[in-house]
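Here the structure is laid out as structure tokens; the discussion comes afterwards.
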Amino acid sequence: MEQRNVSETAILISEMEAVDIAVLFEELDEEEQKFLYDHMGNEQSAEMLLEIDEDDRKKFLSHLSSKEIADEIINEIDSDDAADIIAELPEEQQDEIIQHLDDEEHAQNIVDLLRYDEDTAGGLMATELVKVNQNLSIISAVKEMRKQAEEMEEVYSIYVVDDSEKLLGILSLKKLLTTSSSTKVAEVFNPKFRSVKDSEEAEEVARFMQRYDLFEVPVVDSLGKLVGRITVDDVMDFVKEESEKDYQLASGISSDVDHTDNIFNMTKARLPWLFIGMVGGLVGSRVLQGNQSALQNVPALMFFVPLIAATAGNIGVQASAIIVQGLANDTLGKDTFRTLIKEVSVSAASGLILSLIIFGFNLLINHHDLTVSLTISVSLLAVIMVAAVIGTVVPIILNKNKIDPAIATGPFITTSNDILGVLIYFSIARMILHI
């Protein structure tokens, strides 16, 4: 490529998978990217662009005209991928690209998909599929399937519909091969099938496919008409994006960013939770100031403030992480009270062990008196119990109010439990030590 050797570059690229070319593409400068793109086939370059980072793709597409995007990319990919790419572009350019498409059916499919929210089954599905009418004979069905399959890379399922396009069932390949050619499809198709509605949330679709171990699922509208299909790779892309968002949210990053974003966007995404953490720290410092007399009477209490705060934060994050995972996998169940009791019981067992360890440490190593050692241990146990309750209840409440519970595994829980932990610590100290 440095030597601009067209023939050698073309040969090497032709032997590579699209995903591997994408890795190479993202390492090149703009001039080299254009050289590589210009010497790839349309189908290969379109598949490669699907694999690169969204921001890199938008940046590269900004150098292409609407006609080039339509002819060289959109025409070469399935409707769901085409809709995803077009949706990333400005609205005025979206219309221009669709108008440049020669295949009216492909253009209409893309327009239909763009109407769906990207986080619904309709936003995930592709409209390319193989379907046959129940009234066709097997031989006629095979001819129809051949026409439809030409537009698809892979065929996993054959769907059977009636005259109004309502999904009736699935025709297996075995039946197709072993049944007389004059037999009607209606006599041999399997009426048992699983489907999802186009309005179903993408997260629910992912759970549905995981629960039933499905590689592909048909999508129907509110009338039961077949409108598309979702394959496992579409779901995996969605799950990956959601996992990245949740990970960033749990880390205290309020919007989707990566290392390629500019300093302003990265700062804007991080600052809100950093500010909340700072406010939490200020509240914690006020709590310490309000207990100066207790610290003057028993200075040893000061040494365990970091221990109490850190343990409260850790227990809260552990409890919330388990709950958030259960909510994400739909394995939590509906009995919230039982979940709370179980999580508190686990934390109580852990807290009891830690409290006994710190009690022995204070008596034998630090040589604190029995009352001070007891105060610290009781406080630690109480803080752990309260943190467990907060870490369990908060994600459930957020989830019921349609707020991403991943928030609860990050700075939100840590900061709140830090403050509550110190408050509980000094309240118990005042009660036991009478200070």
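The values are calculated or read from the model by the stated rules, or taken from the named source; none is laboratory data. These figures come from a predicted structure and were not determined experimentally. Positions of Cβ are generated from backbone atoms using ideal geometry, with glycine treated the same way; all protein chains shown enter the neighbour counts. For accessibility, only protein heavy atoms count, side chains too; no ligands or nucleic acids. Shrake-Rupley method; radii C 1.70, N 1.55, O 1.52, S 1.80 Å.
Restricted to the stretch 196-230, and to residues there that are hydrophobic (A, V, I, L, M, F, W, C) and in a strand (DSSP E or B), the residue that is farthest from the chain's Cα centre (by Cα) is Leu226.
Pick out the one residue from Thr311, Thr331, Thr339 that is modelled with pLDDT under 85, open to solvent by less than 60 Å² (accessible area, probe 1.4 Å) and out of contact with any Ser or Thr (no Cβ under 6 Å at 6 or more places or on another chain).
On the way: Thr311 fails: modelled with pLDDT under 85; Thr331 fails: open to solvent by less than 60 Å² (accessible area, probe 1.4 Å).
Of Thr311, Thr331, Thr339, the one residue that is modelled with pLDDT under 85, open to solvent by less than 60 Å² (accessible area, probe 1.4 Å) and out of contact with any Ser or Thr (no Cβ under 6 Å at 6 or more places or on another chain) is Thr339.
Give the number of residues within the stretch 391-410 that are in contact (Cβ under 8 Å) with a residue 60 or more places away in the chain and either outside any helix (DSSP H, G or I) or crowded, with 21+ Cβ neighbours inside 10 Å (or both). Outline the logic, then answer.
We begin by selecting, within the stretch 391-410, every residue in contact (Cβ under 8 Å) with a residue 60 or more places away in the chain; these are 391-392, 394-396, 399, 404-410.
From the residues that got through so far, the ones that are either outside any helix (DSSP H, G or I) or crowded, with 21+ Cβ neighbours inside 10 Å (or both) too are 391-392, 394-395, 404-410.
Looking only at that region, the number is 11.
Residue under question is Lys192, and the condition is that it be among the basic types (Lys, Arg), at pLDDT 95 or above and under 33 Å from the mean Cα position of the chain (by Cα); does it hold? Judged against the criteria, Lys192 is not a match. Residue count for the stretch 157-170, restricted to those that are assigned to a loop (DSSP other than H, G, I, E, B) and either surrounded by 13 or more Cβ atoms within 10 Å (Cβ to Cβ) or without any contact (Cβ under 8 Å) to a residue 24 or more places away in the chain (or both): 3.
Only one entry of Asp221, Asp233, Asp246, Asp237 meets the criterion of being acidic (Asp, Glu), under 30 Å from Tyr156 (Cα atoms) and at pLDDT below 85, and that entry is Asp237. Are any of the residues in the stretch 269-281 open to solvent by 50 Å² or more (accessible area, probe 1.4 Å), in a helix (DSSP H, G or I), without any contact (Cβ under 8 Å) to a residue 60 or more places away in the chain and within 21 Å of Ile376 (Cβ to Cβ)? No, that holds for no residue. Annotation: of all residues in the stretch 171-193 being free of Cβ contacts under 8 Å to residues at least 24 places away in the same chain and not in a helix (DSSP H, G or I), the one that is least open to solvent (accessible area, probe 1.4 Å) is Ser172.
Could you tell me which of the residues Asp20, Asp71, Asp80 is assigned to a helix (DSSP H, G or I) and in contact (Cβ under 8 Å) with a residue 40 or more places away in the chain? Let's see the steps before the verdict.
Values: Asp20 fails: in contact (Cβ under 8 Å) with a residue 40 or more places away in the chain; Asp71 fails: in contact (Cβ under 8 Å) with a residue 40 or more places away in the chain.
Just one listed residue meets the conditions, Asp80.
Have a look at Leu374, Leu363, Leu380, Leu420 and point out the one that is at pLDDT 90 or above, assigned to a helix (DSSP H, G or I), open to solvent by 50 Å² or more (accessible area, probe 1.4 Å) and out of contact with any Asp or Glu (no Cβ under 8 Å at 6 or more places or on another chain). Show your work before the answer.
Values: Leu363 fails: at pLDDT 90 or above; Leu380 fails: open to solvent by 50 Å² or more (accessible area, probe 1.4 Å); Leu420 fails: at pLDDT 90 or above.
Criteria check complete, one pass: Leu374.
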